[in-house]
1. Using a Gaussian network model of the chain with C-alpha springs under 10 Å, which one of 370, 412, 97 is most mobile by mean-square fluctuation?
2. Please compute the volume of the convex hull spanned by the alpha-carbon atoms of segment 260-312 and report it per residue in Å³.
3. Quick check: from the Cα gyration tensor, does segment 99-254 come out rounded (a/c under 1.5), prolate or oblate?
4. Considering only DSSP states other than H, G, I, E and B, which GluC sites (Glu not before Pro) in segment 174-223 qualify as loop sites with at most 11 other Cβ atoms within 10 Å?
5. Lysines within cross-link reach of residue 320: Cα-Cα under 21 Å, excluding same-chain residues under 8 positions apart?
6. If you place +1 on the Cβ of every Lys and Arg, -1 on the Cβ of every Asp and Glu, and leave all else neutral, what size is the dipole of segment 195-280 about its Cα centre, to the nearest 20 Debye?
7. Looking only at 185, 102, 358, which one moves most when the chain is put into a Gaussian network model with springs between Cα atoms under 10 Å?
8. Rounded to the nearest 10 Å², what accessible area does residue 34 have for a 1.4 Å probe in the complete protein model?
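The values are calculated or read from the model by the stated rules, or taken from the named source; none is laboratory data. Nothing here was measured: the structure is a model prediction, and the numbers come from that model. When we count neighbours, we look across all protein chains shown, and the Cβ atoms used for this are built from the backbone with ideal geometry, even at glycine. Protein only, heavy atoms only, side chains kept; ligands, DNA and RNA dropped before computing areas. Shrake-Rupley method; radii C 1.70, N 1.55, O 1.52, S 1.80 Å.
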Amino acid sequence: MTPGARLQAAIEILDGLDKTAQPADGYLRDWARSHRFAGVKDRAAIAERVYTVLRHRASLAWRMGNADGRALVIASLLAQQVSGDEIAKLFSGEGHAPLPVSDAERSALDTAPAGEAPAHVRGEYPLWLEPELLRTFGEDLPDEMAAMNARASVDLRVNTLRAARDDMLVGLRSLGVEAQSTPFSPVGIRIASGEGLGALQHTQFFQTGAFEFQDEASQLVTQLCAVKPGQSVLDLAAGAGGKSLALAALMRNRGEILAFDIDARRLKQLPPRARRAGATIIRTADQRGGPAWGKGTFDVVLVDSPCSGSGTWRRSPEQKWRLTQDRLGELSGIQSWLIDDGARHTGAGGRFVYVTCSLLACENEDVCKAFLARNAEYRLIPAIQAWKEAGFSVPLPPGVGEYFRASPHRTATDGFFACIMERAG
């Protein structure tokens, strides 16, 4: 493909993403399947352009005064110091290149907006979300958003049912992978983001269940559940089961884990993953009640609640532009219901952990404080206490206090929140 054709492809993909709820990575995969003529380098260049635009959509739209795919791609070229004349050559209209630059576009190219960009433009977040982000981060908001716009690392969780981290590090390095231990998780491995990492799924290590892809903050959340071999555990809203697999390893594959999710399609991914990992104690259910639920109460309940996903904006930047006030309000209702549901299934003396991959206080602290206010039989276990009790041999991460909070700026991880509670015995 010519450089112009790559730009036109990026424009079409960006416009298409505005009309779908499909994740950007899945949309790009589907585009590649239907455009077989695009080579590996073409697909990589197009994806890079698309993700650059998604991360910096606010500032690019502000620069051109327009937020359609064409304007955003033009602005992305300007941000790369490509001159207006060079852009005009790329937008030739010849072959598969974009149509020629219009008079209005040429005017925008030649004249930058007056004055400094507003804070939400500099921070690359929706204006309507600014009050909640300021409430959550205060003066740290610019640094948090800057970190959120950087590329995410690739984190792996070593499955201790199959391998030890030191051996896994040696094995990955033997394949030429620059793997390092994560700073906080005792079973984590970090790899700098880059080309070729998708090949990790085809290694013998992955195929035999020696590791799973899981962000370090997510690994730490499962560690703070403090599960023990022989316990009964409920993973409520389990999704594809990543945390269930981590819990099974922590329990040394002894006890029982029920992974529940109403989305049967996502949950269907767990049994083959569990077989690969050697985790035989996991059962799945997509309906409440029945034999799988036993007595209906558990020693440990983990609620990984549906949320805005704001903690994963590094990996899925399209989510921050799709989030709406109505959706955030809808999620608040789901979270309040789900935390109560988790509490109903927590046995006397049991541990109850509420988790989101959100940065926002309205989905985190607010939900937990309201729950504790209406449930006197539950008490908060400060995350700093839970961390010390877990016996970590590394320093306390920033953001661990009353609650567990992680973010790209604080901990170089995805954004995660956990509230750890205990039911009276």
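1. Maximum fluctuation in the GNM of the chain, among the listed residues, is at 370.
2. About 125 Å³ per residue, rounded to a whole number.
3. The shape class here is prolate.
4. Answer by residue number: 178, 195.
5. 19
6. That gives a dipole near 360 debye.
7. 102
8. Accessible area, nearest 10 Å²: 80 Å².
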